[in-house]
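Q: Take a look at this one; I'll ask things after.
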Amino acid sequence: MRLLGLILVFTVILVPSISWSEDPPLPRFSAPGFEKQISSIDALFRLHYPGSNPKATMWEEWLSLCSLWPATEQLQSMRDQWSQAISSRTMEADGYVATHQHGSIAHQTGWPFPFWKQSQNTWGRHFNLPPIDKGWHGVEAQDQKGWKWEGLESKGVMDGCWTLALQSNDAAVVAPTLEFDSYCAPFLQLRWKAKGLGNAAPYVEWVNSPTEEFTSEKRMHFDPVESDSLVYTHIPVYRHPLWSGRIHGLRIGFDPQGAQATVGIDSFFTTFDTRHDINNSSFLLGADNYFRWSGDVNFLRSQIERFRKALLYVLTEFQLASRHLVVCPWVGHEGRAGYTVLSDGKKEMHWGNGIGSNYWDLLPIGHLDPYATNQAYLALRKMAALEEAIELHPEWNIPASGLKMDPEYLLDLSEKVREEYQKTFWNPETGRFVFLDSNGERHDYGFTFLNLEAIYYGLASKEQAESILAWLDGKRVVEGDTSTGADIYHWRFAPRATTKRNVEWYFWAWTGPESIPWGYQIQDGGAVLGFSYFDILARLAVLGAENAWDRLMTIAEWFGEVQAEGGYRKYYEGSKPERGSLQGGGTPGGLGLDHEFFESAMVPQTLLYGFLGFQPATDGFSIIPDLPKALPSLAIEGIAWHDLVLDVSVAPDRITVGYRGDEDSPVTILLPEGQWSLVHRDASGQVLPGGAPEAKGNAWVLRLADAGRLEFRKEKP
């Protein structure tokens, strides 16, 4: 999510966006009897597909589901963008994958807020204004007045940096008088450049009272730089046992080993830990999607060690291997609110508390984190399948290493995660999943996104899934909820993100939630279109095709009305406030549809992954359709898998796959359980010599080249 009303919203694109002068030539959906509704879903896809190329890391799984399969003229460009984006994601030495959001003065591998100027008990000095909108820094440039230095000559502020000519190994600068809370400063960030430091061991020292002297006891070293351009150095002082309480002084020692070393300091300031605990799992799921759809073995060979390292980080840093849940250990991510609402309505601030860990960036999701556990669970299972595929394909020449993981171990661990998840996060009083903070307190505001994704990812038990959907469908009412029954789907295109008014569980900078009407802030009764993908597929898995299809048709009807009135912005203009208010493109509101809500492209994917039942695999694909009785057939033309383009049509008793292209290896096609016969025709319609190949259970292994058509028929028992 985006922080509304406090700082500007944003749009970030890692690589250039694809654009067309007219509608993109996307695959077409066909559903006899539902032409109008499917035309609406088709238009929804065309509207959002151009924005489904890579963005920040948290969108990796979601957008790769949307943009890697359409067989368009831009297919290779889209594949190249995904390969480049995943391969170039910054991975720190310990395995953490960076967020890759836009610049600010927050942690540079984390989210762009909160930053130090948004809190008390912090500190910073900037000799140059950051080259970003002031809404993302809020600072004023200063000079070196008040600083002290030794062993160097100060040249003043030159070219945006306080320039220092170092004259001895003891060269150091001491910050002006300051005081801040160490809890609000888990990192110190130094933006600087240097020449001639040699094999220096620069460091920062601190004191905890104004009367202390700087000593090596309270010191942390960091890497030297040799650069004409700025380097952003994060110093993780929170790891030092003596970084505690109030900090009253800071000193930077440069330890130059060169005869003529120079340093330029752009800024030096405290930094909150704004990293996301979902990044590594989202990165792995996006990479898995790319490989399954493209079959790019060169990509896999070059990236497999990074994938293994990313998963190892989840297993260790987040204790998934030992606790069987994601436990976020970072300062400020304890799941506690940034303030307490007192009996008189005033707020007692808890600076540094409640930092977000994911998309829902106002909410203090942390500590025991079910939202991050959802994706981590699937990442375990996907990596198990990938490691197994690597073992079965020595011809891929994928390097083995000490980081290689045993598939059986990963699958066994995933089952332990599922079991622990159901016990830990389930609230039997409300019949839904909740968040837990480090004090053991439950936070239950009817988080529909958490609950639907728990079903989608496979973590909810059958009974839990049924309880969740009964609540969402109004078949049972949770006492104390603000929204119940039909009102949960008040916005039509998606359930409310939450069903209970929340005016107290946020991070500290979101101080006036009570001033915004219920439903006019996304994380308090609003809704996001894209996550209806999880709603529909959860319904398909639990309540069946009719229920899921009705939900999709409701969305189609709503979008048709939106388009008839000129699009989102026209439909939700201020003259019709009862319809809700849009967030995005600088506008605060309660509904997430366009602009930075790139995930809106996910909704049409329910036709492919859900009702058609198409899933890519490393050696082939599965087609396990699930159609409502009112739908006689469903077809999607233009599915790009590896080097093939497929046109797939499904009906209760038949599955037809037209193909064109060449695939070097045999293709395994998995069908629903039952007895199937096959007629394999070439491009002219002639039955290929040799008749139908032998089926291995319900998996058919075929060689597909040039063009042809597979006609599967389900035999009657």
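The values are calculated or read from the model by the stated rules, or taken from the named source; none is laboratory data. Treat the numbers as computed from the prediction; the structure is a model and nothing was measured. For neighbour counting, all protein chains shown are included, and Cβ atoms are generated from backbone atoms with ideal geometry for every residue, glycine included.
Q: Does the range 571-585 hold any residues that are closer than 21 Å to Glu596 by Cβ, among the hydroxyl-bearing types (Ser, Thr, Tyr) and not in a helix (DSSP H, G or I), and which are they?
A: Taking the range 571-585 and keeping what is closer than 21 Å to Glu596 by Cβ, we get 571-574, 579-585.
Restricting the remaining residues to those that are among the hydroxyl-bearing types (Ser, Thr, Tyr) gives 571-572, 581.
Of everything in the range 571-585, those that are closer than 21 Å to Glu596 by Cβ, among the hydroxyl-bearing types (Ser, Thr, Tyr) and not in a helix (DSSP H, G or I) turn out to be Tyr572, Ser581.
Q: Something else now. Within the range 193-203, which residues are surrounded by fewer than 23 Cβ atoms within 10 Å (Cβ to Cβ) and part of a strand (DSSP E or B)? Show your work before the answer.
A: So in the range 193-203, the residues surrounded by fewer than 23 Cβ atoms within 10 Å (Cβ to Cβ) come out as 193, 195-199, 201, 203.
Residues satisfying the conditions are Lys193, Lys195, Tyr203.
Q: For Asp664, work out the one condition from (1) part of a strand (DSSP E or B); (2) closer than 23 Å to Glu388 by Cβ; (3) charged (D, E, K, R) it doesn't fulfil.
A: That leaves (1) as the condition not met.
To keep it simple, each residue is scored yes or no on (1) touching a Phe, Trp or Tyr at 6+ places or on another chain (Cβ under 7 Å); (2) surrounded by 21 or more Cβ atoms within 10 Å (Cβ to Cβ); (3) part of a helix (DSSP H, G or I).
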position: Ala538; (1), (2), (3): yes, yes, yes
position: Gly560; (1), (2), (3): no, no, yes
position: Gln563; (1), (2), (3): no, no, yes
position: Arg569; (1), (2), (3): no, no, yes
position: Leu627; (1), (2), (3): yes, no, no
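Q: Which residues, taken from the range 247-261, are more than 16 Å from Asp170 (Cβ to Cβ) and either outside the structural domain of Gly160 (by TED's automatic domain parsing) or part of a strand (DSSP E or B) (or both)?
A: Across the range 247-261, the qualifying residues are Ile247, Gly249, Leu250.
Q: Same structure again: Name the residues in the range 222-246 that are crowded, with 17+ Cβ neighbours inside 10 Å and part of a helix (DSSP H, G or I), would you?
A: Result: Val237, Tyr238.
Q: Does Ser282 meet the test of being under 30 Å from Val314 (Cα atoms), surrounded by fewer than 16 Cβ atoms within 10 Å (Cβ to Cβ) and of a type in the set (S, T, N, Q)?
A: Details: under 30 Å from Val314 (Cα atoms): yes; surrounded by fewer than 16 Cβ atoms within 10 Å (Cβ to Cβ): no; of a type in the set (S, T, N, Q): yes.
For Ser282, the condition - under 30 Å from Val314 (Cα atoms), surrounded by fewer than 16 Cβ atoms within 10 Å (Cβ to Cβ) and of a type in the set (S, T, N, Q) - is not met.
Residue-by-condition table, conditions (1) in a helix (DSSP H, G or I); (2) acidic (Asp, Glu); (3) over 30 Å from Gly338 (Cβ atoms); (4) at pLDDT below 95:
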position	(1), (2), (3), (4)
Lys416	yes, no, yes, no
Gln464	yes, no, yes, no
Ile488	yes, no, no, no
Phe507	no, no, no, no
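Q: Now, a different point. Just to check your reading of the model, which residue among Ser64, Ser87 is surrounded by 21 or more Cβ atoms within 10 Å (Cβ to Cβ) and in the same structural domain as Asn53 (by TED's automatic domain parsing)? So that I can check it myself, show each step before the final result.
A: Details: Ser87 fails: surrounded by 21 or more Cβ atoms within 10 Å (Cβ to Cβ).
Going through Ser64, Ser87 in turn, just one is surrounded by 21 or more Cβ atoms within 10 Å (Cβ to Cβ) and in the same structural domain as Asn53 (by TED's automatic domain parsing): Ser64.
Q: Out of Thr90, Thr11, Thr72, which single residue is among the β-branched types (Val, Ile, Thr) and modelled with pLDDT of 95 or more? Steps first, answer last, please.
A: On the way: Thr11 fails: modelled with pLDDT of 95 or more; Thr72 fails: modelled with pLDDT of 95 or more.
Step by step, each of Thr90, Thr11, Thr72 is checked, and only Thr90 is among the β-branched types (Val, Ile, Thr) and modelled with pLDDT of 95 or more.
Q: Also, quick follow-up: Residue check, Ile639 against (1) farther than 26 Å from Ala43 by Cβ; (2) β-branched (Val, Ile, Thr); (3) assigned to a strand (DSSP E or B), all met but one. Which one?
A: (1)
Q: On to the next question. Of (1) buried (at least 20 other Cβ atoms within 10 Å of the Cβ); (2) touching a strand residue (DSSP E or B) at 6+ places or on another chain (Cβ under 6 Å); (3) not hydroxyl-bearing (Ser, Thr, Tyr), Leu75 satisfies all except one. Which?
A: (1)
Q: When you go through Glu388, Glu348 one by one, which is the residue that is farther than 20 Å from Thr109 by Cα and in contact with a strand residue (DSSP E or B) (Cβ under 7 Å, 6 or more places away or on another chain)?
A: Matching residue, one of Glu388, Glu348: Glu348.
Q: Inspect the range 635-646 for any residue being of a type in the set (Asp, Glu), more than 29 Å from Ile555 (Cβ to Cβ) and touching a Gly at 6+ places or on another chain (Cβ under 9 Å) and give the result as yes or no.
A: For the range 635-646, residues of a type in the set (Asp, Glu), more than 29 Å from Ile555 (Cβ to Cβ) and touching a Gly at 6+ places or on another chain (Cβ under 9 Å): present.
Q: Within the range 53-68, count every residue that is within 8 Å of the chain's Cα centre (by Cα) and closer than 11 Å to Ile86 by Cβ. Even if it seems obvious, please write down each step before you answer.
A: Initial filter on the range 53-68 (within 8 Å of the chain's Cα centre (by Cα)): 56-62.
Now restrict to residues that are closer than 11 Å to Ile86 by Cβ: 57, 60.
Final tally of qualifying residues: 2.
Q: Would a scan of the range 416-423 turn up a residue that is in contact with a helix residue (DSSP H, G or I) (Cβ under 9 Å, 6 or more places away or on another chain) and free of Cβ contacts under 8 Å to residues at least 40 places away in the same chain?
A: Initially, the range 416-423 is screened for residues in contact with a helix residue (DSSP H, G or I) (Cβ under 9 Å, 6 or more places away or on another chain), giving 417-418, 420-422.
If we keep only those that are free of Cβ contacts under 8 Å to residues at least 40 places away in the same chain too, we end up with none.
Checked the range 416-423: no residue is in contact with a helix residue (DSSP H, G or I) (Cβ under 9 Å, 6 or more places away or on another chain) and free of Cβ contacts under 8 Å to residues at least 40 places away in the same chain.
Q: Moving on to the next point. State all residues of the range 350-406 that are acidic (Asp, Glu), over 20 Å from Tyr313 (Cα atoms) and touching a helix residue (DSSP H, G or I) at 6+ places or on another chain (Cβ under 7 Å); if no residue qualifies, say none. Write out each step before concluding.
A: Keep residues of the range 350-406 that are acidic (Asp, Glu), which gives 361, 369, 387-388, 391, 395, 406.
Among the residues that remain, those that are also over 20 Å from Tyr313 (Cα atoms) are: 361, 388, 391, 395.
Hit for the range 350-406 is Glu388, nothing else.
Q: Looking only at the range 468-482, filter to residues that are in a helix (DSSP H, G or I) and in contact with a Lys or Arg (Cβ under 7 Å, 6 or more places away or on another chain); which one of those is surrounded by the fewest Cβ atoms within 10 Å (Cβ to Cβ)?
A: Let us first name the residues in the range 468-482 that are in a helix (DSSP H, G or I), namely 468-472.
In the following step, the residues that additionally are in contact with a Lys or Arg (Cβ under 7 Å, 6 or more places away or on another chain) were identified as 468-471.
Details: Ile468: 22, Leu469: 21, Ala470: 14, Trp471: 23.
Among them, the one singled out is Ala470.
Q: Any chance the range 596-612 includes a residue that's more than 15 Å from Ile41 (Cα to Cα), part of a loop (DSSP other than H, G, I, E, B), touching a helix residue (DSSP H, G or I) at 6+ places or on another chain (Cβ under 8 Å) and at pLDDT 95 or above?
A: No, because not a single residue in the range 596-612 is more than 15 Å from Ile41 (Cα to Cα), part of a loop (DSSP other than H, G, I, E, B), touching a helix residue (DSSP H, G or I) at 6+ places or on another chain (Cβ under 8 Å) and at pLDDT 95 or above.
Q: Given the options Asn298, Asn280, name the one that is touching a helix residue (DSSP H, G or I) at 6+ places or on another chain (Cβ under 8 Å), closer than 28 Å to Ser622 by Cα and at pLDDT 95 or above. Spell out how you get there, then give the answer.
A: Details: Asn298 fails: touching a helix residue (DSSP H, G or I) at 6+ places or on another chain (Cβ under 8 Å).
One residue alone meets the criteria, Asn280.
Q: Considering only the range 178-200, I want to know if a residue exists there that is more than 34 Å from the chain's Cα centre (by Cα) and closer than 23 Å to Val331 by Cβ. So that I can check it myself, show each step before the final result.
A: Going through the range 178-200, the residues more than 34 Å from the chain's Cα centre (by Cα) turn out to be 178-179, 194-200.
Restricting the remaining residues to those that are closer than 23 Å to Val331 by Cβ gives 178-179.
Within the range 178-200, one or more residues are more than 34 Å from the chain's Cα centre (by Cα) and closer than 23 Å to Val331 by Cβ.
Quick grid of which residues meet (1) within 30 Å of Thr274 (Cα to Cα); (2) outside any helix (DSSP H, G or I); (3) over 20 Å from the mean Cα position of the chain (by Cα); (4) at pLDDT 95 or above:
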| residue | (1), (2), (3), (4) |
| --- | --- |
| Tyr371 | yes, no, no, yes |
| Lys382 | yes, no, no, yes |
| Gly402 | no, yes, yes, no |
| Tyr409 | no, no, yes, yes |
| Leu413 | yes, no, yes, yes |
| Glu429 | no, yes, yes, yes |
| Ser438 | yes, yes, yes, yes |
| Tyr445 | yes, yes, yes, yes |
| Phe449 | yes, no, no, yes |
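Q: Read through the list (1) more than 15 Å from Phe272 (Cβ to Cβ); (2) surrounded by 21 or more Cβ atoms within 10 Å (Cβ to Cβ), then give the number of the only condition that His107 fails.
A: (1)
Q: Is it the case, given these coordinates, that Gly526 is surrounded by fewer than 17 Cβ atoms within 10 Å (Cβ to Cβ) and out of contact with any helix residue (DSSP H, G or I) (no Cβ under 9 Å at 6 or more places or on another chain)? Lay out the reasoning, then the answer.
A: Values: surrounded by fewer than 17 Cβ atoms within 10 Å (Cβ to Cβ): no; out of contact with any helix residue (DSSP H, G or I) (no Cβ under 9 Å at 6 or more places or on another chain): yes.
No, not satisfied.
Q: Looking at (1) modelled with pLDDT of 95 or more; (2) out of contact with any helix residue (DSSP H, G or I) (no Cβ under 6 Å at 6 or more places or on another chain), which is the only condition Leu6 fails?
A: Failing condition for Leu6: (1).
Q: Is there a residue in the range 93-102 that is crowded, with 20+ Cβ neighbours inside 10 Å, closer than 24 Å to Trp162 by Cα and modelled with pLDDT of 95 or more? It would help to see each step written out before you state the result.
A: Taking the range 93-102 as the starting set, the residues that turn out to be crowded, with 20+ Cβ neighbours inside 10 Å are 96-97, 99-101.
Now narrow it down to the ones that are closer than 24 Å to Trp162 by Cα: none.
Taking every residue of the range 93-102 in turn, none turns out to be crowded, with 20+ Cβ neighbours inside 10 Å, closer than 24 Å to Trp162 by Cα and modelled with pLDDT of 95 or more.
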